Every structure is written in structure tokens, then in C-alpha cells.
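A.B. asks: Sharing a structure, written as C-alpha cells. Questions coming.
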Amino acid sequence: MSNLRYHENKQRGSLSFPLDYYFVDRNHSRYEMPYHWHDEVEIIHIIRGRFRLNVGGETHVLAAGDAAYIASGLLHGGEPDECEYECVVLDLRLLMRSDDLGRRYIGDLMDGHAAVAPRFAAESALVRQTLLPMFDALRRRYEGYTLITLGCLYRFAGEIYHQKAYTRCEQPDGAENRRMLKLKKVFEIIEDHYTEPLHLAQLAASVGLTPKYLCRFFKEATHRTPVDYIAYYRVEMACYALVATERNVTEIALDTGFADLNYFIRSFKKYKGVTPGSYRKMLRAQPKAGESAV
């Protein structure tokens, strides 16, 4: 289940083209996007439906055609609503070459000194002229698509500066950074121990907070309480196991941290609207989505 880790740390694409492309619909094992972060940037494009994206504690509702930019290291997660979307995860060093005249500009994007606006509306020239051609090339992968992708990414970076779609951040907010580091630590504990009993007091003590303050801070950032999020995350792990393995429902319930089968089924129906057995049948009856990685 490494593709569901909170801190994704993997080789993207290839050494010469460090970029991954994903198409996501209801059949994808990661249709729901649990909170995570990675060292690369991510660009999301909504094909249809709506997507509620939380980035660094701020929520953005994306409609069909909208796009979002997620900077390196930002904690993010999302809830799709009858949604199809595609995303690119890339190492910005792909755009940095020793003889590159734009090296300084790309460097500012990489280190956060140029903080890019997180949301771009469907009708914006930036989406239509740079992101749509890039996603089309990655989706179809015709001859020359890598060159077109690179060209679109360079133009995207250039238009960010040209259209002033960023804010200058000379000195990051130290207090907010410390809060987010604590939150990331809580997510890491959930990831490492979700199969075991987890208690609010334990999570709070691990980051030096009181349970009351952790609840308030956690809900401000994720719109869920820690207890609710643990159950949600366990259900997401169960979804993956239901699709990717042949284990029976009882085994999956116990393996994902649920103490009894009835509670697992109630929790599963709360978050997915169907029973675990129905969920497995539904997804296996449908054709595979166009999930791919460059």
C-alpha cells in the first residue's frame, strides 16, 4: 500500500523524465485522496464533477475544468464528488539545467520564495494554453509527447510570473510551519499504527499538545476530528485491500484496525455508502480505468 503513504518518497517516472501522470475515476484505488505530501509539486485538472481540495489547511472547491497547483511539501487531501480528474506529480528539477536562463525563476518555485496561487479557473488562459495541452499529451502519449509536456511546463512557469499568479515569500511563517510539522507527525503515527488501537491522548502527547488543542487544530486543517479521520483512513486502506487482494472481509477488517466486523461494516457504509462486499463487487464488475504512470 505504498501508494497511500502520507509522505510519498518514490522515483517519479524515469531519471531523464521524473514525472508521473495519473487518471483517476471511481475505479481508481485512490479515488478518495487521503492526506499526504511529497517533495515534488502536483498539478491537478478536474475533468468532470467537483473536487474539494484541502491544501495546507485551506479548502478550495474545484469544478470541471479547474486546475490546482500544490507546492512541494504541502500537506494535501481531497474529496471527489462524482468526479474524474487527472494529475501530474513532477520534480521541478526537470526544468532546471545549468544553461537554463530561467534557472532562478524555477528555483524560486522550488524553494517556495514564489508561492503559486493554488487554484486556476477553467476559463483562465493559463489553464487553456498550458495545462490542457500538457494533460492531453500525457494522456495520449503520442510521439513527441515528452517534448510537448516540457514545453507546456516551461510556459506554465513563465505565465505564473507573467500573470503575477504568485506571492513573494521571503521568510516563511515559522509558527505556521511548526504547526504543520506537528500535524504531519500525527499523520505519520496514524499511518504507522492504524492497524493498532489509537487514542487521542496518545496522539496529542506525541506532538506535545493537549488533546483539546490537537482536536481543534486538526479539525481546522482537515475538517475532521482525529478520531473520525482514523476511521476514514482505515476504510480507505480497506478499500485498497478489497480491490487489490483476495482476502475476505473479516480478514481485511481485522488487518485495517477494526476490532469487530459489525463496526467495520457500519464505518464502511458511513464513508462509502455501501457494504464492503458490495463495494468489491461493484469495482470488480467495472472495466479498468485508464490509470497509468509515465
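The values are calculated or read from the model by the stated rules, or taken from the named source; none is laboratory data. Because the structure is predicted, anything quoted here is derived from the model rather than measured. Neighbour counts are summed over all protein chains in view; Cβ atoms, including those assigned to glycine, are modelled from backbone coordinates with ideal geometry.
A.B. asks: Taking the condition at pLDDT 95 or above, in the same structural domain as PRO34 (by TED's automatic domain parsing) and in a helix (DSSP H, G or I), does LEU94 pass?
C.D. replies: So LEU94 does not fit the description; no.
A.B. asks: Could I ask something else about it? Please name all residue pairs, on different chains or six or more residues apart, with Cβ atoms under 8 Å, provided the first residue is in segment 254-283 and is on the phi > 0 side of the Ramachandran plot and the second residue is part of a loop (DSSP other than H, G, I, E, B).
C.D. replies: Short answer, once both residue conditions are applied: GLY257/TYR194; GLY257/THR195; GLY257/GLU196; GLY257/PRO197; GLY257/LEU198.
Residues are listed down the side, and each one gets a yes or a no for (1) at pLDDT 95 or above; (2) over 25 Å from ARG178 (Cβ atoms):
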| position | (1), (2) |
| --- | --- |
| ILE189 | no, no |
| ALA205 | no, no |
| LYS212 | no, no |
| LYS219 | no, no |
| LEU242 | no, yes |
| GLU246 | no, yes |
| ALA259 | no, yes |
| PHE264 | yes, yes |
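A.B. asks: Taking the residues in segment 26-71 that are of a type in the set (Lys, Arg) and modelled with pLDDT of 95 or more as candidates, determine which candidate is nearest to GLU86 (Cα to Cα).
C.D. replies: It comes out as ARG48.
A.B. asks: Of all residues being touching a Lys or Arg at 6+ places or on another chain (Cβ under 6 Å) and charged (D, E, K, R) in segment 56-89, which is surrounded by the fewest Cβ atoms within 10 Å (Cβ to Cβ)? Just the residue, please.
C.D. replies: Only one residue fits best here, namely ASP81.
A.B. asks: Within segment 38-88, can you find the residues that are hydroxyl-bearing (Ser, Thr, Tyr), more than 16 Å from ARG26 (Cα to Cα) and either assigned by TED's automatic domain parsing to the domain that holds LYS272 or in a strand (DSSP E or B) (or both)?
C.D. replies: Within segment 38-88, THR59, TYR69 qualify.
A.B. asks: Filter segment 123-144 down to the residues that are surrounded by fewer than 17 Cβ atoms within 10 Å (Cβ to Cβ) and out of contact with any His (no Cβ under 9 Å at 6 or more places or on another chain) and list them by number.
C.D. replies: GLU123, ALA125, ARG128, GLN129, PRO133, ASP136, ARG139, ARG140, ARG141, TYR142, GLU143, GLY144
A.B. asks: I've got another one for you. I'd like the full set of residues that are out of contact with any Cys (no Cβ under 6 Å at 6 or more places or on another chain) and among the hydroxyl-bearing types (Ser, Thr, Tyr), limited to segment 109-137.
C.D. replies: SER124
A.B. asks: Also, quick follow-up: So in segment 175-200, with the set limited to residues that are aliphatic (A, V, I, L, M) and more than 16 Å from ARG234 (Cβ to Cβ), which one is surrounded by the most Cβ atoms within 10 Å (Cβ to Cβ)?
C.D. replies: The selected residue is LEU183.
A.B. asks: For segment 201-223, give me the residue count where each residue is out of contact with any strand residue (DSSP E or B) (no Cβ under 8 Å at 6 or more places or on another chain) and surrounded by fewer than 17 Cβ atoms within 10 Å (Cβ to Cβ).
C.D. replies: Count: 12.
A.B. asks: Look at segment 244-278 and say how many of its residues are in contact with a Gly (Cβ under 8 Å, 6 or more places away or on another chain) and of a type outside the set (A, V, I, L, M).
C.D. replies: The qualifying residues number 0.
A.B. asks: Can you report the number of residues in segment 123-138 which are more than 16 Å from CYS87 (Cβ to Cβ) and touching a Lys or Arg at 6+ places or on another chain (Cβ under 8 Å)?
C.D. replies: 1
A.B. asks: Here's a check for you: in segment 145-154, which residue that is hydrophobic (A, V, I, L, M, F, W, C) and surrounded by 13 or more Cβ atoms within 10 Å (Cβ to Cβ) is farthest from LYS164 (Cα to Cα)? Explain how you work it out, then say what you get.
C.D. replies: Initially, segment 145-154 is screened for residues hydrophobic (A, V, I, L, M, F, W, C), giving 147-148, 150, 152-153.
Remaining after also requiring surrounded by 13 or more Cβ atoms within 10 Å (Cβ to Cβ): 148, 150, 152-153.
Details: ILE148: 24, LEU150: 21, CYS152: 18, LEU153: 16 Å.
Result: ILE148.
A.B. asks: Something else now. So which residues in segment 67-110 are acidic (Asp, Glu) and closer than 18 Å to PRO18 by Cα?
C.D. replies: GLU86, ASP91, ASP100
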